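Right, one structure below, let's go through it.
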Amino acid sequence: RREQQAIERAQEESYRRRNDEIVRSHYNSRPELGLAKRRESSIILLRYFNNFIKYVLIKNNSQPYQRILDLGCGKGGDIHKWENAGVSRFVGIDIAEVSIKQAIQRFKVRNRRFSASFFAGDAFGTSIQHLIDPRDLPFDVVSLQFCMHYAFESEAKVRQMLSNVSNCLKRDGRFIGTIPNSDFIIDHLSKIPTDEPVKKFGNSIYSVTWQSDTLPQDGIFEPPFGHKYLYYLKEAVDNVPEYVVPFEAFRAIAMDYDLELIYKKPFMEMFDYELDRNPGLARECRSMKVLKSNGEVGIEGECREASAFYLAFAF
Ligand code: SAM
């Protein structure tokens, strides 16, 4: 029996490594387009909107002179937002070493008002302790933007990710992120006829192709890990495997790591809520080009649906 368990563990480990490798090589092969090319992109309005959401999430959950840990930092797309927030120290970790090199370049393009270090490493499947300089601990904010869903492959990975977050975070610090909304996935899957052989939803900008053997039952993913789908986003993500983050299960497991939920909003709801409570944000919206074709602030059409796939949270 022990031998059988060892074989199963080895098989799980090799399966996990294969998925990590697909994600790593996908992001490693994405070229750095530069600002001018990014502005030409056909999903530019979606990028502007998602950037605005992250900008608000960061602004609402940080203060000047704080220390920030960004897990899954990618090419460093949020460096500018953290600089705006007035932070004093930034540490970024990503599994894709090419993205880390690009993040370092992006940081160095001009004199920054804060110091930063970047490391290539797996922040979900392994401990990140060896990458962190003890003098940087504890961090005031740990941020996981558009990446935590990769951890929901297995319970072990989710627990390792949460222990990395919790071990690095100061008491009363903030853990913030953006992930696909499991309720949106349940809602869209339920509209696909049961006899449809390939379960897929989306539009010309994004798509989700279901890969898991099981579907949610009465709105619940059981067990809450390993529900795989392939995600496509035009000009950005080519059918890369991702995993559903069943939000209630995530919230419950996070409590084991002393993380308490204080904010959770699907993107569209968040946008309306934040502008309602702070009408001054409309000016920032305009300067960040978050505009519909009639000149009003917001997002419309297929880009709106693609962005509505996500939610933002803070613990
Ligand atoms: N956070 C950045 C942003 O918002 O622009 C990048 C988001 S990108 C969609 C997802 C990132 O997660 C990729 O850069 C990928 O390499 C990273 N990632 C995936 N699995 C990871 C892991 N196990 N450890 C660290 N980073 C990971």
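The values are calculated or read from the model by the stated rules, or taken from the named source; none is laboratory data. Remember, it's a predicted structure, so these values are computed and weren't measured experimentally. Because the Cβ atoms are built from the backbone with ideal geometry, glycine has one as well, and the counts that use them run over all protein chains shown.
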If we keep just the residues of region 31-57 that are modelled with pLDDT under 75 and under 26 Å from Gly121 (Cα atoms), which is farthest from the ligand (Cβ to nearest atom)? Gly34
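Return yes when Arg106 is at pLDDT 95 or above, under 23 Å from Tyr257 (Cα atoms) and part of a helix (DSSP H, G or I) and no when it is not. It would help to see each step written out before you state the result.
Numbers: at pLDDT 95 or above: yes; under 23 Å from Tyr257 (Cα atoms): no; part of a helix (DSSP H, G or I): yes.
Against the criterion (at pLDDT 95 or above, under 23 Å from Tyr257 (Cα atoms) and part of a helix (DSSP H, G or I)), Arg106 does not qualify.
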Strands (runs of 3 or more DSSP E) contained entirely in region 197-315, each with at least 1 residues that are in contact with a helix residue (DSSP H, G or I) (Cβ under 6 Å, 6 or more places away or on another chain), farther than 27 Å from Glu155 by Cβ and in contact (Cβ under 8 Å) with a residue 24 or more places away in the chain: 206-210
Given the criterion in contact (Cβ under 8 Å) with a residue 12 or more places away in the chain, in contact with a Lys or Arg (Cβ under 9 Å, 6 or more places away or on another chain), under 18 Å from Glu21 (Cβ atoms) and small (Gly, Ala, Ser), identify the matching residue among Ala85, Ala123, Ala96. Ala96
Of the residues that sit in region 166-176 and are surrounded by 17 or more Cβ atoms within 10 Å (Cβ to Cβ) and assigned to a helix (DSSP H, G or I), which one is farthest from the ligand (Cβ to nearest atom)? Ser166
Could you tell me which residue of region 80-94 is farthest from Asp140 (Cα to Cα), considering only residues that are crowded, with 23+ Cβ neighbours inside 10 Å and out of contact with any Ser or Thr (no Cβ under 6 Å at 6 or more places or on another chain)? Asp94
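Could you tell me which of the residues Ile205, Ile253, Ile262 is closer than 28 Å to Asp172 by Cα and surrounded by 15 or more Cβ atoms within 10 Å (Cβ to Cβ)? Please lay out each step first, then the result.
Working: Ile205 fails: closer than 28 Å to Asp172 by Cα; Ile262 fails: surrounded by 15 or more Cβ atoms within 10 Å (Cβ to Cβ).
One residue alone meets the criteria, Ile253.
Among the basic types (Lys, Arg), within 13 Å of the ligand (Cβ to nearest atom) and modelled with pLDDT of 95 or more - does that describe any residue in region 136-157? So that I can check it myself, show each step before the final result.
Within region 136-157, the subset among the basic types (Lys, Arg) is 157.
Right, trim to within 13 Å of the ligand (Cβ to nearest atom) and you get 157.
Then keep just the ones that are modelled with pLDDT of 95 or more; that gives 157.
Taking every residue of region 136-157 in turn, at least one turns out to be among the basic types (Lys, Arg), within 13 Å of the ligand (Cβ to nearest atom) and modelled with pLDDT of 95 or more.
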Could you grab me the full set of residues in region 103-116 that are more than 15 Å from the ligand (Cβ to nearest atom), in contact with a helix residue (DSSP H, G or I) (Cβ under 8 Å, 6 or more places away or on another chain) and of a type outside the set (D, E, K, R)? Phe114
Looking only at region 73-97, which residues are farther than 21 Å from Arg135 by Cα and within 9 Å of the ligand (Cβ to nearest atom)? Gly74, Lys75, Gly76, Gly77, Asp78, Ile95, Ala96
Residue hits (region 152-165; in a helix (DSSP H, G or I) and buried (at least 18 other Cβ atoms within 10 Å of the Cβ)) are Phe152, Glu153, Lys157, Val158, Gln160, Met161, Leu162, Asn164, Val165
Condition first: crowded, with 22+ Cβ neighbours inside 10 Å, hydroxyl-bearing (Ser, Thr, Tyr) and not in a loop (DSSP other than H, G, I, E, B). Can you find one or more residues in region 45-68 that meet it? no
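Can you find a residue in region 177-195 that is in a strand (DSSP E or B) and more than 30 Å from Lys59 (Cα to Cα)?
Within region 177-195, not a single residue is in a strand (DSSP E or B) and more than 30 Å from Lys59 (Cα to Cα).
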